[in-house]
1. When the residues of segment 121-145 are narrowed to those that are closer than 19 Å to G17 by Cα and either of a type outside the set (V, I, T) or modelled with pLDDT of 90 or more (or both), which ends up surrounded by the most Cβ atoms within 10 Å (Cβ to Cβ)?
2. Going through L207, L169 one at a time, which residue ends up being more than 24 Å from the chain's Cα centre (by Cα) and at pLDDT 85 or above?
3. Is at least one residue of segment 89-99 among the hydrophobic types (A, V, I, L, M, F, W, C) and not in a helix (DSSP H, G or I)?
4. How many of the residues in segment 170-223 are under 16 Å from A154 (Cβ atoms), surrounded by fewer than 16 Cβ atoms within 10 Å (Cβ to Cβ) and polar (S, T, N, Q)?
5. For the structure I just gave you, tell me whether T163 is crowded, with 18+ Cβ neighbours inside 10 Å and outside any loop (DSSP other than H, G, I, E, B).
6. Sort out which residues of segment 77-129 are of a type in the set (K, R) and either over 18 Å from A24 (Cβ atoms) or without any contact (Cβ under 8 Å) to a residue 12 or more places away in the chain (or both), and write them in order of number.
7. State yes or no: is F21 closer than 19 Å to R127 by Cα and either surrounded by 15 or more Cβ atoms within 10 Å (Cβ to Cβ) or touching a residue at least 24 places away in the same chain (Cβ under 8 Å) (or both)?
Amino acid sequence: MADRQNKPSRDSVLVVGLGRFGYAVARSLVQLGHEVLAVDERHDIVQRYASEFTHVVSVDATDTEALRQIGADQFDVAVVGIGTDLEASVLTVLSLLDLGVTEVWAKAISGKHAAILERVGATHVIRPESQMGKRVAHLVTGSMTDFVEFDDFAIARTAAPATAHGRTLQESGLRSEYGITIVAVKSGGGEFEYAGANTVVQRGDELIVSGPTKRVEKFAADA
């Protein structure tokens, strides 16, 4: 772990709560080459993951002083994966903010939970179940094969509409008609390639499109 005299870079992340969400985040961070201090108050959980993460400790994350003793005040970035215990979630976020952690990502399990976390100062609030549910709904009810939303902006992978077949993007006028941008096109078994005005779209091609969510949804519905 980084020297306490110098705050670590974003390469070091504190993850509190090793349930399914917190564990998945911590594991992914390690796989990406980041240093992780994983924290959970349950001793059995800490023992389970002791061999998987270099730094795993059992501590009550609602206790500001206990967090300070394990060096939490030396982190710039923390992820709070506590979901079902709303009080513990909120108190942990407050403790981390009190310690000077500048970027706190926190999991919420409901709209009310999210609102409280935002009110107390969490930098980013994630609702994984809600976000995944919306994503799956888009995939099973339309022609999208992938969908990611950022606030009111979305990126989707979808089929090419019949009106575009055999024509260049400039000729089909998809951007002006739908108010979206065709980012890339994939033909047959090839790879996605950046799309330009002279890119020809054929039947069976896949497109990566971006734009306001409702416009992307309309485009995919017509594809």
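1. Going through the qualifying residues, I end up with A122.
2. Just one listed residue meets the conditions, L169.
3. yes
4. Total satisfying the criteria: 0.
5. Details: crowded, with 18+ Cβ neighbours inside 10 Å: no; outside any loop (DSSP other than H, G, I, E, B): yes.
Against the criterion (crowded, with 18+ Cβ neighbours inside 10 Å and outside any loop (DSSP other than H, G, I, E, B)), T163 does not qualify.
6. At the first step, the residues of segment 77-129 found to be of a type in the set (K, R) are 107, 112, 119, 127.
If the condition is that a residue be of a type in the set (K, R) and either over 18 Å from A24 (Cβ atoms) or without any contact (Cβ under 8 Å) to a residue 12 or more places away in the chain (or both), then K112, R119 are the ones that fit.
7. Judged against the criteria, F21 is a match.
One line per residue, one yes/no per condition, for (1) of a type in the set (G, A, S); (2) part of a helix (DSSP H, G or I); (3) in contact with a helix residue (DSSP H, G or I) (Cβ under 6 Å, 6 or more places away or on another chain):
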position: M144; (1), (2), (3): no, no, yes
position: A156; (1), (2), (3): yes, no, yes
position: E177; (1), (2), (3): no, yes, no
position: I182; (1), (2), (3): no, no, yes
position: E217; (1), (2), (3): no, yes, no
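The values are calculated or read from the model by the stated rules, or taken from the named source; none is laboratory data. Since this is a predicted model, take the numbers as computed values, not measurements. All Cβ positions, even for glycine, are placed from backbone atoms using ideal geometry, and neighbour counts span all protein chains on display.
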